[in-house]
Amino acid sequence: MLQGWHAHVVCTVTAMELRQLGQMDLKVPVVGVGTWRVFDVRRRTEQERVRDQVTEALSVGANLFDSSPMYGEAERVLGHALGGRREQALVATKVWTPSAREGRAQVKAAMDYYAGTVDVYQIHNLVAWEDHLPMLEALRNEARIRVIGATHYSPSAFAELATVMRTGRIGQIQIPYNPHEREVEREILPLAEDLGIGVIVMRPLGAGGLMRRAPNEKELAPLREFGVKTWAQALIKWVLSDPRCHVAIPATSRAGRITENARAGDPPWLDREARELVDRLAGA
């Protein structure tokens, strides 16, 4: 049996809100860090950049990191960047393969990267979920996993995701949500609320697409009373102002951007009128 689970890093820059991940005994910062593409690096200089970003994230309380074997070297690079600091972080990763045998190999590799524990273990894009669930449940029983989850990015798979949610065997989902991708509002978010399932939000910035035509300072002015200074903060706050969403995981490779994103994790949250303004500014 593993030792007790790690505590959250102290937030030194923001008043980052923590939310309970559904009905799970786990509190998460409302802003975390995605690793898709930006942590899939090999050169030493790039790995040093990732380590600096992890340091930045830990310093502002954005200490949940989401990865996957689908993301190339990202799992390994994250594990290396956390060297000596694993206890300060929450790690969410995934199993992503149609093979149960390869799934076991992926999990073994992740456990090696993350000092023997993973806080949130997800079945990526629902691939072979019926085969992987027993393995993850066994690891949860051994206290090597805290929460089991499932993810999908496509509305065409949301019916199957709902089926998995209704099994009662998962405690968390990861889905896309932003002013341009709102399909989860129809069934997935209401179902998650009814079942007490935690929600991690991918693509809060529309995979960068919503950042290409950012509103100007004057257009953002009505959002200043909510602590919004940038368009990225407006989009992240738009997500987090829905209390059914527990943590958003924007990805970035720019120094200082994690700190900027983390500030969107400070209350107050957008009211209905402010959320509608963000919709209009996004062209939704």
Out of all the residues in region 206-223, is one or more at pLDDT 95 or above, in contact with a helix residue (DSSP H, G or I) (Cβ under 8 Å, 6 or more places away or on another chain) and under 25 Å from residue 67 (Cβ atoms)?
no
Conditions (1) open to solvent by less than 10 Å² (accessible area, probe 1.4 Å); (2) out of contact with any His (no Cβ under 8 Å at 6 or more places or on another chain); (3) under 20 Å from residue 239 (Cβ atoms); (4) not small (Gly, Ala, Ser): number failed by residue 153
(1)
When the residues of region 199-239 are narrowed to those that are polar (S, T, N, Q) and not in a helix (DSSP H, G or I), which ends up most open to solvent (accessible area, probe 1.4 Å)?
216
Starting from region 245-261, keep only residues that are of a type in the set (S, T, N, Q), then list their pairs with residues that are assigned to a loop (DSSP other than H, G, I, E, B) and open to solvent by 20 Å² or more (accessible area, probe 1.4 Å) whose Cβ atoms are within a distance under 7 Å, requiring at least 6 positions of separation or different chains.
252/38; 253/38; 259/13
When you check residue 165 against the structure, is it in a helix (DSSP H, G or I) and closer than 16 Å to residue 65 by Cα, yes or no?
no
Can you say whether residue 105 is under 17 Å from residue 72 (Cα atoms) and part of a helix (DSSP H, G or I), as far as the supplied structure shows?
yes
Within region 87-109, identify whether any single residue is of a type in the set (A, V, I, L, M) and without any contact (Cβ under 8 Å) to a residue 12 or more places away in the chain, and answer yes or no.
yes
Among the residues of region 18-37 satisfying the criterion of being within 15 Å of the chain's Cα centre (by Cα) and at pLDDT below 95, which is most open to solvent (accessible area, probe 1.4 Å)?
37
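I'd like the full set of residues that are of a type outside the set (Phe, Trp, Tyr), in contact with a strand residue (DSSP E or B) (Cβ under 8 Å, 6 or more places away or on another chain) and within 22 Å of residue 112 (Cβ to Cβ), limited to region 58-81.
If the condition is that a residue be of a type outside the set (Phe, Trp, Tyr), in contact with a strand residue (DSSP E or B) (Cβ under 8 Å, 6 or more places away or on another chain) and within 22 Å of residue 112 (Cβ to Cβ), then 63, 64, 66, 67, 68, 69, 70, 75, 78 are the ones that fit.
Outside any loop (DSSP other than H, G, I, E, B) and closer than 17 Å to residue 23 by Cβ: does that describe residue 148?
Judged against the criteria, residue 148 is a match.
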Looking at 76, 144, 101, 85 in this structure, which one is modelled with pLDDT of 95 or more, open to solvent by 30 Å² or more (accessible area, probe 1.4 Å) and closer than 18 Å to residue 36 by Cα?
76
Those residues of region 168-189 which are in a helix (DSSP H, G or I) and either open to solvent by less than 30 Å² (accessible area, probe 1.4 Å) or without any contact (Cβ under 8 Å) to a residue 24 or more places away in the chain (or both) amount to 184, 185, 188, 189
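The values are calculated or read from the model by the stated rules, or taken from the named source; none is laboratory data. All values derive from a computational prediction rather than experimental measurement. Backbone-built Cβ (ideal geometry, glycine too); neighbour counts: all protein chains shown. Accessible surface areas use protein heavy atoms only, side chains included; no ligands, DNA or RNA. Shrake-Rupley method; radii C 1.70, N 1.55, O 1.52, S 1.80 Å.
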